[in-house]
1. Out of the residues in segment 34-59 that are among the polar types (S, T, N, Q) and surrounded by fewer than 17 Cβ atoms within 10 Å (Cβ to Cβ), state the one that is nearest to LEU76 (Cα to Cα).
2. Looking at segment 7-23, which of its residues are aliphatic (A, V, I, L, M), over 18 Å from ALA73 (Cβ atoms) and touching a helix residue (DSSP H, G or I) at 6+ places or on another chain (Cβ under 8 Å)?
3. Which numbered condition trips up GLU66, out of (1) modelled with pLDDT under 90; (2) within 12 Å of the chain's Cα centre (by Cα); (3) not hydrophobic (A, V, I, L, M, F, W, C)?
4. I need the full set of residues from segment 31-46 which are assigned to a strand (DSSP E or B) and over 14 Å from ALA18 (Cβ atoms), in order please.
5. Counting just the residues of segment 1-52 that are hydroxyl-bearing (Ser, Thr, Tyr) and out of contact with any Cys (no Cβ under 9 Å at 6 or more places or on another chain), which one comes out nearest to ILE80 (Cα to Cα)?
6. Output the number of residues of segment 23-50 satisfying the condition of being more than 23 Å from MET1 (Cα to Cα) and not small (Gly, Ala, Ser).
7. Return the only residue of LEU30, LEU26, LEU72 being surrounded by 12 or more Cβ atoms within 10 Å (Cβ to Cβ), at pLDDT below 95 and out of contact with any helix residue (DSSP H, G or I) (no Cβ under 6 Å at 6 or more places or on another chain).
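The values are calculated or read from the model by the stated rules, or taken from the named source; none is laboratory data. Remember, predicted model here, so these are calculated numbers, not experimental data. Using ideal geometry, Cβ is built from the backbone for each residue, glycine included, and neighbour counts are taken over all protein chains shown.
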Amino acid sequence: MFVEVEICLGTTCFVLGASALQELQLPEKLRRQTKISYVRCLNVCKNADKFSKAPYARIDGEIVAEISAEKLAQILEQKIKGEKNEAN
């Protein structure tokens, strides 16, 4: 099972840090179980009061604000670890 990640590359997200995520190097154990795609825009900025600050990503359908490489890796580790625990 893969964790689906969409990283927003809209202007606001790109300028506020998503550009750095284009060259993201995840550890092998995370990379094997993650599908990352880059999207033109998630259209979240218009609801910024609800979602906090850019840059945004959608991880398994859930919007995550202020995404960074570190935050993404932490979320992925938690999700993958959780999936393994559910399988046992």
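1. For segment 34-59, the residue satisfying everything is SER37.
2. LEU9
3. With (1) modelled with pLDDT under 90; (2) within 12 Å of the chain's Cα centre (by Cα); (3) not hydrophobic (A, V, I, L, M, F, W, C) applied to GLU66, the lone miss is (1).
4. Listed by number, the residues that qualify are THR34, LYS35.
5. For segment 1-52, the residue satisfying everything is THR34.
6. The number of residues fulfilling the criteria is 11.
7. Of the residues listed, the single one that is surrounded by 12 or more Cβ atoms within 10 Å (Cβ to Cβ), at pLDDT below 95 and out of contact with any helix residue (DSSP H, G or I) (no Cβ under 6 Å at 6 or more places or on another chain) is LEU26.
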